[in-house]
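Quick notes on the structure that follows.
The values are calculated or read from the model by the stated rules, or taken from the named source; none is laboratory data. On a predicted model such as this, the values are computed, not experimentally measured, just so you know. With ideal geometry, Cβ positions are generated from the backbone for all residues, glycine too; neighbour counts draw on all protein chains shown. Ligands, DNA and RNA are excluded from the accessible area calculation, which covers all protein heavy atoms including side chains. Shrake-Rupley method; radii C 1.70, N 1.55, O 1.52, S 1.80 Å.
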Amino acid sequence: MSETSTGPGLRERKKLQAMRTIQVVALDLFDKHGYAKVTVEQVAAEAEVSPSSVYRYFGTKERLVLHDEYDPQLLTLLATDSTPIVTAGDLLSRIRTIVAGVLDHLDREELRKIERRMRYSVTEPDVRTRMARDAEGIAVQLRELIAQRSGASPESLEIRVVVAAALWGFLGAVDLWVESDFAESLVSLIDRTMDILSRGGDVVLAGPVS
């Protein structure tokens, strides 16, 4: 069955379900034994699939943590959103609205999985390095998307700076989210991050020195 305009086809749904299952199995093993001590072969055995299937779906061990089926959704929503994007504030506003809309519809189990994934993303050096590389790829996609929406060049300094600020601001929010043991919701932290970036030079970094 091929994909239709209403959603993924049967083959793609089966692939997504397999990836979800493998990822949960991997997270369970990482929690039990520690990330560094678990191999892809162990994950495959526990998930009852071949190691080649794990590599075909995820590519690397780090991607067992980092794979996020919501990233493409966010990019698609941003690409198809009809709200004009003319200024940096327009972009940041759309990002905060779209991210909140996606996260607010996730159930507690799915949010808990994101928490588990992000803990490894922040604390495991290999995963963190891969996450930074992935961010570079997402930045390219965002620049091209915004250029199409705004009519500017994706290589312009303005678009490069705004996209970099948004992405690294997001990663900074994730760092705080994990380090605070998820005391504040990710939606709230992202909202505050985009607000800080929107206010730019007006943001007060510290109180008066006594």
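Quick notes on this one:
- Selection within segment 6-44: residues that are among the small types (Gly, Ala, Ser), assigned to a helix (DSSP H, G or I) and closer than 19 Å to TYR120 by Cβ. The member of this set that is nearest to the chain's Cα centre (by Cα) is ALA26.
- Applying the condition of being open to solvent by less than 30 Å² (accessible area, probe 1.4 Å), more than 22 Å from MET118 (Cα to Cα) and part of a helix (DSSP H, G or I) to segment 45-86 and asking which residue is modelled with the lowest pLDDT yields LEU78.
- Of the residues GLN17, GLN23, the single one that is open to solvent by 80 Å² or more (accessible area, probe 1.4 Å) and farther than 23 Å from SER198 by Cβ is GLN17.
- Summed over segment 87-101, the residues that are of a type in the set (Gly, Ala, Ser) and either surrounded by fewer than 17 Cβ atoms within 10 Å (Cβ to Cβ) or not in a helix (DSSP H, G or I) (or both) give a count of 3.
- Consider segment 102-141 and keep the residues that are part of a helix (DSSP H, G or I) and acidic (Asp, Glu). The one that is most open to solvent (accessible area, probe 1.4 Å) is GLU109.
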